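**Q** First, the structure itself, so that you have it in front of you.
Where a number appears in this text, it was derived from the coordinates with a stated rule and is not lab data. Note that the coordinates shown come from a computational prediction; the quantities given were computed from them, not determined experimentally. No Cβ is skipped: glycine too gets one built from the backbone with ideal geometry, and neighbour counts run over all protein chains shown.
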Amino acid sequence: MAEHGYPSQPFHVRVREALAKPSLGQALDRATQRFYFGRILTWKELGDFQTARHTARAARRRAVDHLDEYLTRLAENVAANGGHVHWAADAAEANAIVLDICRQANARVVTKSKSMLTEEIALNDALEAAGITVVETDLGEWIIQLAGETPSHIIAPAIHKTKAEVAELFSRVLGRPVPADASIPELTLIAREQLRQRFLDADVGISGVNFAIAETGTVSIVTNEGNGRYVTGLPRVHIAMMGAEKVIGTWEEWAATLKMLTRSATGQLISSYVSTVSGPRRAAEADGPEEFHLVILDNGRSRILGTTFRESLLCIRCAACLNACPVYHEIGGHAYGGVYTGPIGAVLSPLLFDFDRFKELPHASSLCGACRDACPVEIDLPRMLVELRRIEAEGEDGERPHAPWTERAIFALYRLGAQTPALYNLAAWGRALLKPFAKGEQVPDAPLPVLDGWTRYRDFPLPAAEPFHARWERLASEPVGDMKRRDAGTQRKKD
Amino acid sequence: MRVALFISCLTDNFFPQVGEDTVRVLRRLGVEVTFPRGQTCCGQPAFNSGFHRDTQELARHFIQVFEGSEAIVTPAGSCATMVRKEYPALFHHDPRWQRRAAALAERTYELSEFLVDVLGVEDVGATWQGRVSYHDACHALRSLGVREQPRRLLSHVRGLELVDLTRSDWCCGFGGSFAVRMPGISGAMLQEKITRIAAAGAPTVVTTDAGCIMNIGGGLRKLGLPFQIVHLATVLAHHEASHG
């Protein structure tokens, strides 16, 4: 079995498999484009959405720039509310902490609401290995749990599956026929029947955290299915799991950022449920857990803090960059090979986990910039992708570069050629080289390295017989008068 | 007004006619055009591949070649982006070169923004018979904010009918080395673009970057489809008296 959170196949194989699966394109197209246009419409509804973005970004920046201070305040306030705070340096520590809490509670069944962080640390595997039954209660998470898969999208983990595929999965796993044309409400009803008793059985509920508000020690969870409230409110023990960067200073900052999260994630002005939990049940309260635990995980985040990639910690996991990304649109999330997918995954996976095992991801982008425009906290993702490429090409802090010598040699030659105008006669060189493969002025097929990938989908134009710089003398001596002939028809507003 | 033409290596070597068209449009509007000899590539291929030390050397060369120019105009949106947005950051460890890069960045324009924003011209006196769609080149659109300028210029071309291209802002899959490094993904993106071009139905697609022209044009030809992609400059240079 593949190591959790790491790719089991080389990148090009993952991509080939994704591109060969026609149902993937359909499933992705429907959902991502709905989210994409939903974001645009709900941003417009804000009127001055740029100011809203700046405000959300500023709130996130303050938290990340003063992370130690904010986390300390958060921890103090959680403790003051009667909760327990646990600090975990890495995945193993976090899993051990959770397992320990579950054992103390004699837990046999654990329910979970959606949490990317627990995917990051493979918590389910750790708990199941200890004999604890783990039940995902977010519909998408439950689907991929049944299928034995990892999420392919940050907010819609089963986005890669069509309705028919989900119906087939339910039939197989539940041992009763579910018609292939079952509607989404019908499928949801099946999930509800299956999950209802589980909510009541659970000894421990584990949730993620969308925001942790430092000033009152409150965690906030954004969901659309209501499962989050069952998970955090019904069991005796609630464990909330957060990446250290998820802290935010004040309720005002929470509101400013939440507003951008729901709009950017699903195109909702507000999600169906926004829960805020400030510690365990109090004396006068009828509901709520007896124990509240907050696990704060580092797992590589503090390493990013001091680098040029600090900005990636502003991310609020809305997945707007995925929905805007033409590459994600073609290959889906699983081809990224890690827990975090799309443009933000291409930045986070090499940084948080293993540079070499994810080094292709920063190249899986045309640098079109759609992700940067979509990001509600204005993270410059293309800049970071290029910076990761730079580290691969040139090495960091005296380290050896990761890029193969052939590639480095190509760019050294290119630089030499382009620096020396006499050598910079691409057209003549290229034309001579490609002429044997050409039909007219086009090369339909080039059995040459590098170019063969190009000609699989396109003709390649032969470099011009007479490039522009050779035409300049003649062009410069053309009479201008003739060209100005129609000047009368132009409107000149200013000079 | 006098501008230096920054031709860009793809235009120079593969689409020299676009360079000629650019010069003719500018001259027709009374702009004097110079062509600084010694110009080569701005370094974008190396930059995007992560070879920033190599890029710095090319950027220094570029700055020396163009430093004396009043304004720099290029028919390539992504090359304008390179000079305007990336050069200053490239020299973040070197304040002297950074100042020179920043000074140059301020005077560098993509063709359509130069025409509309600097010259204040929307009607260049061009004629083009038929329906065209417009594809937004990514860097021009998202890094330079060039969205309305080309459309305004096209709206004043006599005989031209601009039709909608669905998701005209969706990348065509070029991305420089991306197209050869990730051919499968790039090819799939190109396929989507071509499907939308066909759905739009206009026989001509207009754009503002040689990369898109090479990619989309090559794809259309490979499939033998009856659509052509041309540079905005080619449409703007076209009038009754011109050849073609």
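**Q** Return the residue satisfying two criteria in turn: it lies in region B:179-205 and is surrounded by fewer than 24 Cβ atoms within 10 Å (Cβ to Cβ) and without any contact (Cβ under 8 Å) to a residue 12 or more places away in the chain, and of such residues it is nearest to the other protein chains (Cβ to nearest Cβ).
**A** Only one residue tops the list, namely B:PRO183.
**Q** Within region A:343-367, track down each residue that is within 13 Å of chain B (Cβ to nearest Cβ) and either closer than 17 Å to A:ARG39 by Cβ or in a helix (DSSP H, G or I) (or both).
**A** A:PRO343, A:ALA346, A:PRO350, A:LEU361, A:PRO362, A:HIS363
**Q** Among the residues of region B:146-173, write down those that are in contact (Cβ under 8 Å) with a residue 24 or more places away in the chain and within 13 Å of the chain's Cα centre (by Cα).
**A** Across region B:146-173, the qualifying residues are B:VAL146, B:GLN149, B:PRO150.
**Q** Among the residues of region A:440-448, are any at the interface with chain B (Cβ under 8 Å from one of its Cβ atoms) and in a helix (DSSP H, G or I)?
**A** No, region A:440-448 contains no residue that is at the interface with chain B (Cβ under 8 Å from one of its Cβ atoms) and in a helix (DSSP H, G or I).
**Q** Mind listing whichever residues of region A:452-469 are within 36 Å of the chain's Cα centre (by Cα), more than 7 Å from chain B (Cβ to nearest Cβ) and surrounded by fewer than 20 Cβ atoms within 10 Å (Cβ to Cβ)?
**A** Scanning region A:452-469 gives a single hit, A:ASP452.
**Q** Let me ask something else. Sort out for me the helices (runs of 4 or more DSSP H) sitting completely within region A:1-100 that have 1 or more residues that are within 20 Å of the chain's Cα centre (by Cα).
**A** A:11-19, A:22-45, A:49-65
**Q** Further, regarding this structure: Yes or no: B:THR208 on the phi < 0 side of the Ramachandran plot, surrounded by 22 or more Cβ atoms within 10 Å (Cβ to Cβ) and away from every other protein chain (no Cβ under 12 Å)?
**A** Spelling it out, B:THR208 is indeed on the phi < 0 side of the Ramachandran plot, surrounded by 22 or more Cβ atoms within 10 Å (Cβ to Cβ) and away from every other protein chain (no Cβ under 12 Å).
**Q** Strands (runs of 3 or more DSSP E) wholly in region B:113-223 with at least 3 residues that are of a type outside the set (Gly, Ala, Ser) and farther than 21 Å from B:ARG24 by Cβ - which ones?
**A** Output list reads B:158-163.
**Q** Moving to a separate point now. Determine if region A:424-431 includes at least one residue that is within 11 Å of chain B (Cβ to nearest Cβ) and either in contact (Cβ under 8 Å) with a residue 60 or more places away in the chain or in contact with a Gly (Cβ under 6 Å, 6 or more places away or on another chain) (or both). Please lay out each step first, then the result.
**A** The first filter runs over region A:424-431 and keeps only residues within 11 Å of chain B (Cβ to nearest Cβ), leaving A:424-431.
Among the residues that remain, those that are also either in contact (Cβ under 8 Å) with a residue 60 or more places away in the chain or in contact with a Gly (Cβ under 6 Å, 6 or more places away or on another chain) (or both) are: A:424.
Yes: region A:424-431 contains one or more residues that are within 11 Å of chain B (Cβ to nearest Cβ) and either in contact (Cβ under 8 Å) with a residue 60 or more places away in the chain or in contact with a Gly (Cβ under 6 Å, 6 or more places away or on another chain) (or both).
**Q** Would you check which residues across region A:6-30 are of a type in the set (A, V, I, L, M) and either surrounded by 18 or more Cβ atoms within 10 Å (Cβ to Cβ) or more than 21 Å from A:GLY345 (Cα to Cα) (or both) and list them?
**A** Once the filter is applied, which keeps residues that are of a type in the set (A, V, I, L, M) and either surrounded by 18 or more Cβ atoms within 10 Å (Cβ to Cβ) or more than 21 Å from A:GLY345 (Cα to Cα) (or both), region A:6-30 yields A:VAL15, A:ALA18, A:LEU19, A:ALA20, A:LEU24, A:ALA27, A:LEU28.
**Q** Go through region A:198-229 and give me each residue that's surrounded by fewer than 23 Cβ atoms within 10 Å (Cβ to Cβ), touching a Ser or Thr at 6+ places or on another chain (Cβ under 7 Å) and within 20 Å of A:ILE132 (Cβ to Cβ).
**A** A:ARG198, A:PHE199
**Q** Give region A:24-54 a look and list any residue that's of a type in the set (Val, Ile, Thr) and either touching a helix residue (DSSP H, G or I) at 6+ places or on another chain (Cβ under 8 Å) or at positive phi (or both), or say none.
**A** Answer for region A:24-54, where residues must be of a type in the set (Val, Ile, Thr) and either touching a helix residue (DSSP H, G or I) at 6+ places or on another chain (Cβ under 8 Å) or at positive phi (or both): A:THR32, A:THR42.
**Q** Here is a follow-up. Considering every residue within region A:137-149, establish whether at least one is among the polar types (S, T, N, Q) and assigned to a loop (DSSP other than H, G, I, E, B). Steps first, answer last, please.
**A** First, pick out the residues of region A:137-149 that are among the polar types (S, T, N, Q): A:137, A:145.
Going one step further and asking which of them are assigned to a loop (DSSP other than H, G, I, E, B), we end up with A:137.
For region A:137-149, residues among the polar types (S, T, N, Q) and assigned to a loop (DSSP other than H, G, I, E, B): present.
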